[in-house]
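Notes for the one structure printed next.
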Amino acid sequence: PGKLFQDGMINVSALQAVADSLSSSSKVFKSANEKVQGIGDTHISQVTELVDKAKDGFATLNGAVDAAEKVAPVLPQMLGANGQTRNYLMYAMNNVEIRACGGFGGSQGLISVTDGQMSIGEFVPCIARSKDEAVESVDEEDETLFGDHSNLYISGNTYSPDWPRNSQRVAALWKSEYGQDVDGVIGIDPVFLQYLLGLVGNVSLPDGTVVDGTNAAKVLMHDVYWNYPVEESDGIFASVASAAFDKILGGIGDVDVANLVSAVERGAEEGRLIAWMKNDDEQNAIKEMNIDASLPDPDDPSADPVAGVYFNNLSFSKLDWYLNADTQIGQGVKNGDGACSYRITVTLTNVMTQEEARKLPDYVAASAPGTSRDDERLYVSLFAPTGGSITDLTVEGTQFGLFAATWHGVPCYSGTVDLHAGETTTITYTLTTSSEAGDKPLTLRQTPTCQAARDSASA
């Protein structure tokens, strides 16, 4: 690892050689992984322990091989080979004001790469524009589904769950402000930042508070709002993000590669690391790695079926630290036409205590018209796969409800729910996949929340 990453620089030729080697060995690796994963239980505990270790190791290697195979052809150009400079905008999202793609855009910074040499600019607050000043138009389907309001245009570009379209607006806003084109936009949240700090060490706030791999999410999504003046919160977020990436770029060569792969995979699986690339070939590689965070292709009913469950904060608050979102997918039932139906339950809970509700800082509390201070008002969107459907929907525990709609022909339900301190709303529905998807299993893409980090901090 020290020869691949050192002093903020990636050895492009060495990394390419590793990627090519992994890619050319993919058939052997995959065959070996299948054989190892197929080893059954043993009757000797020491042997079982060794087998389990082998299974974990081969699973990690198999993931690395898959990634290498998809990225190898475009890796050199993405790392600025042959003296070219690539510019990537790091877009830091704050889940405590939840948005469908993650969270409200808090700060952003530019990472430049030339022949693998990386440098990072200052993190600055995300750019705000009114609808009349918008530099990039909003898709009519987005506007119809998510509302004709500024959240679709300004720094809250993550209101739509379609990250590629959001990123193009973010990139256009950056160019309008700084006159600079970017080659990609990479979205991260404080929980993913915490995963990375767990590998490279801690950073400090201006007042000396230590932020590390155990508390970064809590500091950035809770403590700054309760313990610091409002006008300092964005600056603290930007300061930690900038210091963290300096630390990451400088210390990445000392990190265990398996742990790094694991952290990146975890962030990607949880939707805390998402990316868009301007170059079509690079974007295809991002899509193959499942970090593109895009909505279903409305023209491809044979694609892998995904159940989309997305949330947006409508209470003008920082209350989503207290949001629990639990989605359960029942056993699939095969239909006569080859489609598969699943019963899905989405349980949303505001876990705030009455004592916390009484002490809420004004900046944290709800301030939207018609809300009380402890009101988690959420806009919920449920997406079916292309060619699929949503039926038999019920909503319990809220005064509002969801309405049927479509996004470029893809069926969905959207609407508002209210959750006061301690309250729960349960949404149940049947999702049926396209008959053209065959036996492909249904997967879930859900807006990432703060709850795991919150529960971990409490423990």
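The values are calculated or read from the model by the stated rules, or taken from the named source; none is laboratory data. Everything quoted here is computed from the prediction, not taken from an experiment. Here Cβ is always computed from backbone atoms with ideal geometry, including for glycine, and neighbour counts include all displayed protein chains.
General remarks:
- The stretch 211-268 - residue that is outside any helix (DSSP H, G or I) and not small (Gly, Ala, Ser) and, of those, farthest from Tyr195 (Cα to Cα): Pro229
- Breaking point among (1) under 20 Å from Val124 (Cβ atoms); (2) surrounded by fewer than 18 Cβ atoms within 10 Å (Cβ to Cβ); (3) at pLDDT 95 or above; (4) not small (Gly, Ala, Ser), for Val185: (2)
- Some residue of the stretch 92-108 being in a strand (DSSP E or B), of a type in the set (Val, Ile, Thr), within 29 Å of the chain's Cα centre (by Cα) and exposed (fewer than 15 other Cβ atoms within 10 Å of the Cβ): no
- Residues located in the stretch 361-407, provided they are aliphatic (A, V, I, L, M) and under 30 Å from Ala303 (Cβ atoms): Leu378, Val380, Leu382, Ala384, Ile390, Leu393, Val395, Leu402, Ala404, Ala405
- For the stretch 409-424, the criterion of being within 23 Å of Cys340 (Cβ to Cβ), of a type outside the set (Gly, Ala, Ser), in a strand (DSSP E or B) and touching a helix residue (DSSP H, G or I) at 6+ places or on another chain (Cβ under 8 Å) is met by at least one residue.
- Put simply, of Thr443, Thr447 the only residue that is under 25 Å from the mean Cα position of the chain (by Cα), loosely packed, with under 14 Cβ neighbours inside 10 Å and under 15 Å from Tyr310 (Cα atoms) is Thr443.
- Residue that is nearest to Met277 (Cα to Cα) [pool: residues in the stretch 162-196 that are within 17 Å of the chain's Cα centre (by Cα) and aliphatic (A, V, I, L, M)]: Val185
- Subset of the stretch 71-86 (residues that are assigned to a strand (DSSP E or B) and surrounded by 19 or more Cβ atoms within 10 Å (Cβ to Cβ)): Arg86
- You will find that of Val240, Val264, Val230, Val257, the residue that is hydrophobic (A, V, I, L, M, F, W, C), surrounded by 18 or more Cβ atoms within 10 Å (Cβ to Cβ) and over 17 Å from the mean Cα position of the chain (by Cα) is Val240 and no other.
- Residues satisfying the stated conditions in the stretch 270-302, i.e. acidic (Asp, Glu) and either in the same structural domain as Thr158 (by TED's automatic domain parsing) or in contact (Cβ under 8 Å) with a residue 12 or more places away in the chain (or both): Glu270, Asp281, Glu282, Glu288, Asp292, Asp297, Asp299, Asp300
- Residue match in the stretch 356-377 (condition: under 24 Å from Trp226 (Cα atoms) and part of a strand (DSSP E or B)): yes
- Here the stretch 334-344 is the region considered, the condition is being of a type outside the set (A, V, I, L, M) and touching a Gly at 6+ places or on another chain (Cβ under 8 Å), and the residue that is modelled with the lowest pLDDT is Gly338.
- Some residue of the stretch 39-53 being outside any loop (DSSP other than H, G, I, E, B), assigned by TED's automatic domain parsing to the domain that holds Val12 and in contact with a helix residue (DSSP H, G or I) (Cβ under 6 Å, 6 or more places away or on another chain): no
- Condition met for Arg129 (at pLDDT 90 or above and surrounded by 15 or more Cβ atoms within 10 Å (Cβ to Cβ)): no
- The set of residues from the stretch 15-35 being β-branched (Val, Ile, Thr) and modelled with pLDDT under 80 comprises just one member, Val18.
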